[in-house]
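Quick notes on the structure that follows.
The values are calculated or read from the model by the stated rules, or taken from the named source; none is laboratory data. All figures in this text were calculated on a predicted structure; none of them were measured in a lab. Using ideal geometry, Cβ is built from the backbone for each residue, glycine included, and neighbour counts are taken over all protein chains shown. Remember, those area values only see protein heavy atoms, side chains included, never the ligands or the DNA or RNA. Shrake-Rupley method; radii C 1.70, N 1.55, O 1.52, S 1.80 Å.
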Amino acid sequence: MARKARIAVIGAGIGGLAAACALRERGLEVQIYERAGELGEVGAGLQLGPNAVKVLRALGIEAPLRPLACEPTNIVSVASDDAHLRFREPLKAIAATQFGAPYLTAHRADLHGLLQGKLPAASIHLAAQCTGASSFDGTAVAIFADGTEVEADIVVGADGINSAVRESLFGLQPTRYTQQMAWRCIVPIDCVPTKIGPGRSVDIGRDEYVGWIGSDGHVICYPIRGGDLYNIFAGHVSEQWVEESWSVPSSVDELLAGYRGWNEALLAMLGQVEHCYKWGICDRDPLGRWTSGRVTLLGDAAHPMMPTLAQGAAITHEDSYALARNLARHADPADGLAAYEAERRPRAGKVQLQAREQFRNNRKVPAPPPLSRDWIFAHDATLETVVAG
């Protein structure tokens, strides 16, 4: 194409903003449309495996993020009842050496703000609720709730698990409730117990990633905000989820009731929580295709997954960079989209299914060792020639 390709990105979450940054760096013209009336990122902590950090490095985000993030020294796993040590494995010492980038933990809002800061304010359109997208005669069209339409060369649906773009392409497909609900919360770092387990024999560093594992749930904890705060993801096995909202406020009493019988050191820390939110965790089966004409999907719109591998954001970052690379490489946008999907869809589907398998393993008594994520971490989506895997 003689002129720059015009891309309309639907959704200004972390995935949509990362895609916009990557596309702009390749010289493409990007406009972002967000249904919310103001920009922001809900949630709390975020894990960024080496595969994600490689993308952030290529986008110029890693350096400004590092002071705001943490690099956990070890991965520690303890039992939910007596807090005996299941295993402790080095993380900081090996991640960059083995996989080419560190393993970082951060506040979602910090990363979201850095991505937003790389984009022109005029390129982000708020209160723009997309209701669907279509393509015809080499043009893509995004349709909005107020009746307006936006034409572009390509529309990218980065509008989350309940994507309107996805539904308009492939029909209504209900999400799958995963039998897990979860609380998200944060405590000051000095609330973290440092001696737990039988006879207080297990030392816990406040710079470590700690997972409390039980058959009815798991609690994942790690430092964020430069080590000042401690993020808590409290996953709980539950057969029913009746809330219509994806995230609802919860009381600390309800949180504690969900972990009745768990170790007293964990309960004491949870008792220090001031604000928490709960939601039912849903995913979808891998899609048979992501693209229709000049419209494609990215991130949770394409491959919503359980958080048990901590790869939702990371795989989305890979999508973002791969989309930009393939569109820049091919003169015909249709060829670029085909190459993007061929590269990304098999890998994302494989991670989706491994995340489910890890959840099933976590419920076993005793829980087996975690499934290896080495093949995930080793991937580098920033290479001009990407090896599948």
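Any idea which of (1) open to solvent by less than 60 Å² (accessible area, probe 1.4 Å); (2) at pLDDT 95 or above is the one VAL248 doesn't satisfy?
(2)
State whether one or more residues within segment 98-107 are surrounded by fewer than 18 Cβ atoms within 10 Å (Cβ to Cβ) and not in a strand (DSSP E or B).
So far as segment 98-107 goes, yes, one or more of its residues are surrounded by fewer than 18 Cβ atoms within 10 Å (Cβ to Cβ) and not in a strand (DSSP E or B).
Which of the residues spanning segment 193-207 are crowded, with 20+ Cβ neighbours inside 10 Å and out of contact with any helix residue (DSSP H, G or I) (no Cβ under 6 Å at 6 or more places or on another chain)? Walk me through how you get there before you give the answer.
Our first condition is that a residue be crowded, with 20+ Cβ neighbours inside 10 Å; within segment 193-207, this holds for 196, 202, 204.
Scanning segment 193-207 gives VAL202, ILE204.
Can you tell me which residues in segment 352-389 are in contact with a strand residue (DSSP E or B) (Cβ under 7 Å, 6 or more places away or on another chain), closer than 19 Å to ILE281 by Cα and either polar (S, T, N, Q) or not in a helix (DSSP H, G or I) (or both)?
GLN352, ASN362, ARG363
Looking at segment 153-207, which of its residues are small (Gly, Ala, Ser) and either under 21 Å from GLU264 (Cα atoms) or without any contact (Cβ under 8 Å) to a residue 24 or more places away in the chain (or both)?
Result: GLY171, ALA182, GLY197, GLY199, SER201, GLY205.
Regarding LEU298, is this residue open to solvent by less than 10 Å² (accessible area, probe 1.4 Å) and either closer than 23 Å to ALA52 by Cα or within 13 Å of the chain's Cα centre (by Cα) (or both)? Before the answer, list the steps.
Numbers: open to solvent by less than 10 Å² (accessible area, probe 1.4 Å): yes; either closer than 23 Å to ALA52 by Cα or within 13 Å of the chain's Cα centre (by Cα) (or both): yes.
Answer is yes for this residue.
Could you grab the pairs with beta carbons closer than 8 Å, sequence gap of 6+ or different chains, first residue in segment 92-107 and of a type outside the set (S, T, N, Q), second one at pLDDT below 95 and in a loop (DSSP other than H, G, I, E, B)?
Matching pairs, first to second residue: HIS107/ALA44.
Conditions tested, residue by residue: (1) surrounded by fewer than 19 Cβ atoms within 10 Å (Cβ to Cβ); (2) farther than 22 Å from LEU327 by Cα; (3) in contact with an Asp or Glu (Cβ under 7 Å, 6 or more places away or on another chain).
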| position | (1), (2), (3) |
| --- | --- |
| HIS112 | no, yes, yes |
| ALA121 | yes, yes, no |
| CYS130 | no, yes, yes |
| GLY138 | yes, no, no |
| VAL141 | yes, no, yes |
| THR148 | yes, yes, no |
| GLU151 | yes, no, no |
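Between residues in segment 111-125 that are farther than 11 Å from ILE61 by Cβ and at pLDDT 95 or above and residues that are outside any helix (DSSP H, G or I) and of a type in the set (Ser, Thr, Tyr), which pairs lie under 8 Å by C-beta distance while being six or more apart or on different chains?
Partner pairs satisfying both residue conditions: HIS125/TYR33.
Test TYR321 against the criterion of being farther than 25 Å from VAL219 by Cα, open to solvent by 10 Å² or more (accessible area, probe 1.4 Å), of a type in the set (Phe, Trp, Tyr) and at pLDDT 95 or above, and give yes or no.
yes
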